[in-house]
Amino acid sequence: MNRIRRAAPADVSRIAEIIVVNYRQNFFPFFQNEEYYFSELNVLDTVKEFPEEVLCNTYVYDDGAVKGMMRVSGDELVKLFIEPQFQSQGIGAALLQYALRELHVTWLWVLEYNKRGIAFYKRHGLQMTGVRMIEDECVPLWKMALRSDLCLKKLSADTPDKEALDRINAVSFAAEQQTSIDDLFRSDRGDLDILGIYHAGELIGFFSVRRYKSLAYPGYFAIAPAHRSKGFGSRALNLLKDYYGGMQIVIEIESVYEECNNPEQRRSRRDFYLRNGMLTTGWFLYYDDTELELICSEPEFRKREFEELTQKIHALYYDSIPALYQKQADPAERM
């Protein structure tokens, strides 16, 4: 369900309320200006800052209650605020990713003292440009811009990079594990994203991701051999988390056990995901005589949704539906 929409006139008072609360909580500790933050700054006056021409570039996160807002101007993100009680729930990430993907935002100004905000924007692919300005004679701001050297781009079946996509697919997976790029596109029922990983404008890898309810399930993740061991895999995985905002990423990896024929390779792959913030779920399944371990991006694995997704995928390919089972997991890995 899309919870982000363009703001309506009925939202203005709520938007103003979110802005006022955030200004007081986030900025008053730095400037200690009681006259401004607790007198001049108020909901009634802030409402006046949103006439129709401004409101048409304002968006809200609404899941039954308006919990966050953002305003854009051209390719600039002017404001992004979340009601404090609903922060750290992925709402800010969802709004920012919508701004980057759908509204083509590329830059913003951030308060120099706002270390948490700077860290948040860095996690989502923006970087400090070194450009600084002083607003209203006392407010130091830094310009942040979208990092251009690595990004994700949704691809269509007629992408001009189709040949490069085919080559990366061919060299990244064993023949028995491959699905052709053409077959992947043909299998799309409105729930599949083929995301190209681009470095400096060059396609260097891709994700194939199924979406289902609140899950994002990458079936394929590949980096071209010439670009491996350069940190691109870690950065691409973190971009993927940002791309899907509040959705839970679920990945299947080959289980590690001493009797398997490539334990070190499997352990290295597993360590890569855990090192980049993925968590063990304690759930496993067998597919094509291979034991697979499920890992995800959040502490609470959404098992029921994943089982529904599994049924949907295997109905598409007309093969048996694997059953999930548990084994003892190392509690330290879930920290």
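Derivation of every value follows stated rules applied to the coordinates shown; laboratory data play no part. Source: prediction; values computed, not measured. All Cβ positions, glycine included, derive from the backbone under ideal geometry; neighbour counts span all protein chains shown.
For the pair ILE321 and GLU305, how long in nm is the line joining their label points, each one 7 Å along Cα→Cβ?
The modelled label-to-label distance comes out at 1.8 nm.
Under a point spin-label approximation (7 Å from Cα along Cα-to-Cβ), what is the GLN25-ALA8 distance to one decimal in nm?
Calculated label separation equals 2.6 nm.
Return the loop-located trypsin sites (Lys or Arg not before Pro) in segment 173-255 (DSSP other than H, G, I, E, B) with at most 12 other Cβ atoms within 10 Å of their own Cβ; answer none if there are none.
Within segment 173-255, the qualifying trypsin sites (Lys or Arg not before Pro) (loop, at most 12 other Cβ atoms within 10 Å) are ARG189, LYS230.
State, to one decimal in nm, how far the label point of ASP45 lies from the label point of ILE134, with both points 7 Å from Cα in the Cβ direction.
Output for this residue pair reads 2.3 nm.
Starting from 0.36 nm per residue, how many nanometres of slack lie between LYS312 and GLN177 once their C-alpha separation is accounted for?
Result: 46.7 nm gained on full extension.
Between ASP242 and ASP289, how high is the FRET efficiency from 1/(1 + (r/R0)^6) when r is the Cβ-Cβ distance and R₀ = 30 Å? Nearest 0.05.
The calculated FRET efficiency here is 0.25.
On average, how much area does the Cα convex hull of the chain cover when viewed from any direction, in nm²?
Dividing the Cα hull surface by four gives the mean projection, 19.7 nm².
Which Cα, out of PRO84, PHE206, ASN169, lies furthest along the positive dipole direction of the chain (beta carbon charges, K/R +1, D/E -1)?
Value computed over the given set: PRO84.
Tell me the net charge near ARG189. Cut-off is 14 Å between Cβ atoms, ARG189 excluded, with +1 for each Lys or Arg and -1 for each Asp or Glu.
Value of the local net charge: 0.
Going by Cα centres, segment 212-244 and segment 1-62 are how many Å apart?
Result: 35 Å between the Cα centres.
Among LEU195, LEU141, LEU165, which one shows the biggest mean-square fluctuation in a GNM of the chain, springs joining Cα atoms closer than 10 Å?
With Cα springs under 10 Å in the chain, the top fluctuation among LEU195, LEU141, LEU165 is at LEU141.
List the pairs from LYS79/LYS241; LYS162/LYS327; LYS162/LYS241; LYS153/LYS303; LYS115/LYS153 whose alpha-carbon separation is above 31 Å, in the order I gave them.
Long pairs (Cα-Cα over 31 Å): LYS162/LYS327.
Based on alpha-carbon centroids, what's the gap between segment 256-271 and segment 111-187 in Å, whole number please?
So the two Cα centres are separated by 30 Å.
So how do 169-176, 307-314 stack up, highest first, on mean other-Cβ count within 10 Å?
307-314, 169-176
Expressed in nm², what is the orientationally averaged projection area of the convex hull enclosing the Cα positions of segment 4-105?
For segment 4-105, averaging the hull's shadow over all directions gives 6.5 nm².
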